[in-house]
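A short reminder: the numbers here are calculations on the coordinates, not readings from a lab. Here the structure is a predicted model, which is why all the values come from computation and not from measurement. Positions of Cβ are backbone-derived with ideal geometry, glycine not excepted, and every protein chain shown enters the neighbour counts.
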Amino acid sequence: MPPITAVRNAAVPLRSVALILVSMFCFALVDALAKSVALAYPANEVTFFRMVFGLLPAVAVCLRGKPLIERLRHMDVRGQTLRALTLLGASGLFFAGLPYVPLSEAVAIVYSETLLVIILAPLLLKETLKPRDALAAAVGFVGVLFVVRPDGSHSSWVGPVLLISSAFFGALSIIQIKRIRATDDSGTTVLYFTVIGTIVTVASLFFAWRTPSIQALAVMALLGGFATAGQLLMTMAFRQADAGALAPYNYTSIVWAALFGYIVWDETIGSMSLLGIALIVGSSIAVAVRGKQTEGPLV
């Protein structure tokens, strides 16, 4: 699942469009691979392997440009730690909720993190809540209700609650990235998140662990590789174009999720869920293209 960032609009280079589309495809693959193993393995274990197999690519990226020691010496440790922990919570809760909800619906629910930022930013960042943003958030949350269907049509509330919690932690990570010093580059941010995530999830393995098969281990290795590739491709796209202009392309991952869900698990999207997804996507894009600025792309 990719994080969403909103900044000012600008003309979109075709190369950036291509990069963000490939990035979203990578994230959709990550979601599908995660669901395939989350059905059989604990969420903390899936998160652990996602981090471990993402370490090497993250280190490789940080070896380019400024020396790694210099990057770490000037890093905003407190800000990066808070950001890493909130994003780790979002990832773990997302993996935990996947077995209970169709893939496309799970991805759509988590995308509501953009709308939660609108509500949390005035409280945590002292930003002004604009009426248009409040209206967009309200429309998006109606869409969330359509997807989770509080009339009881979901066989279990566990999945929707976990996924909404994931969106909440994702929103906190978006807000936290705005507090991190601008001198912390994206490569350092990715590496620090991966290291912190590995340390935390290693400790969690004492509480829940199932020895993975060779096949499951290979799937989780692919999961970690595609997750890091998606982050890096998204970062490259954001360096060349404003994320607000790229926002509509972020949601192609829902299309891929629906396709993978149908092919692999025979999942279909009901009319109410489809309407809810449309409301979530539409309201999130409306907020993004309005030009709300952030300090930079979230990775």
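Short version: ³J(HN,Hα) in whole Hz for each residue of region 89-95, in order, from phi by Karplus 6.51 cos²θ - 1.76 cosθ + 1.60 (θ = phi - 60°), x for Gly and Pro, what are they?
Result, ordered by residue: x, 4, 5, x, 5, 4, 4 Hz.
With θ set to phi - 60° and the Karplus curve 6.51 cos²θ - 1.76 cosθ + 1.60, what are the ³J(HN,Hα) couplings of region 107-118 in order, to the nearest whole Hz, using x for Gly and Pro?
5, 5, 4, 5, 5, 5, 4, 4, 6, 5, 4, 4
How far is the Cα center of region 78-110 from the Cα center of region 111-145, in Å?
18 Å
Could the peptides 18-28, 53-63, 96-106, 120-130 be put in order, highest first, of the mean number of other beta-carbon atoms found within 10 Å of their residues?
In descending order of packing, they fall as 96-106, 18-28, 53-63, 120-130.
Set the Förster distance to 30 Å, then compute FRET efficiency between Leu217 and Ala278 from the Cβ-Cβ distance, nearest 0.05.
For Leu217 and Ala278, the calculated efficiency is 0.20.
What ³J(HN,Hα) values, in whole Hz, does the Karplus curve 6.51 cos²θ - 1.76 cosθ + 1.60 give for region 131-142 when θ = phi - 60°, with x put for Gly and Pro?
Result, rounded to whole Hz: x, 5, 5, 4, 5, 4, 5, 4, 4, x, 5, 4.
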